[in-house]
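Beneath this line is the structure, given in structure tokens, with notes to follow.
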Amino acid sequence: MTTTITGATGIDNIKAATGAVIQVVENFSATSVAFSCPVGTASALYGLTGGRVYADLTSVTITPTNANSKFYIAISCGMSGTTPSNRGAFGIALVKDNTTGYERATFPWYPAASNVSEYGPDQNQTHIVDATSASAVTFYFKGYFYNEASANQAQSGSFRNAQITVMEIAG
């Protein structure tokens, strides 16, 4: 049986099958974001580990079609110009509405001085996050540097070519 949808019919009452991709929003930034984390500690932000300095790499805003949806989110970027500390680390995190953070590891690449060269490895993560409402939500892709009080120097570098892709999945 074939169903024809015309402009007069509309599609208001059609429900996507559970697991179907409803919409995709993506953002890419070719900007290189350089910053550093001095020796010492920084406050904990977004419910994540303390001692980090964060920088926004890119973001997207998406309005879910249904509060029961889920978001599949992929973030990735490259790195360059890394100056590693003997008690430092670096990584990436996803932050929802600049309040709730999601990460895959607490201290990736720790201690940075013994794990990486001047050019840190590409960073990649995926996350699944519940929509919880049909209101717009902004996902921020952040890079961070971590450093301890006993470190020999600032942990610094650049994150570059950041990309975030958010897919709304029918619940």
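The values are calculated or read from the model by the stated rules, or taken from the named source; none is laboratory data. A quick note: this is a predicted structure, and the numbers were derived from the prediction, not measured. When we count neighbours, we look across all protein chains shown, and the Cβ atoms used for this are built from the backbone with ideal geometry, even at glycine. The protein model used for the area step is the full one, side chains on, heavy atoms only, and it has no ligands, DNA or RNA in it. Shrake-Rupley method; radii C 1.70, N 1.55, O 1.52, S 1.80 Å.
Data overview
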quantity	calculated
Filter result (part of a loop (DSSP other than H, G, I, E, B), under 15 Å from K96 (Cβ atoms) and touching a strand residue (DSSP E or B) at 6+ places or on another chain (Cβ under 7 Å)) within segment 35-78	L45, Y46, G47, L48, P64, S69
Positions within segment 78-104 being open to solvent by less than 10 Å² (accessible area, probe 1.4 Å) and not β-branched (V, I, T), in sequence order	G78, M79, S85, G88, A89, F90, G91, A93, L94
Subset tally (residues that are modelled with pLDDT of 85 or more, assigned to a loop (DSSP other than H, G, I, E, B) and either of a type in the set (D, E, K, R) or open to solvent by less than 80 Å² (accessible area, probe 1.4 Å) (or both)) for segment 1-34	5
Hits in segment 107-151 - residues which are touching a residue at least 40 places away in the same chain (Cβ under 8 Å) and out of contact with any strand residue (DSSP E or B) (no Cβ under 9 Å at 6 or more places or on another chain)	T132, S133, A134, S135, A149, S150
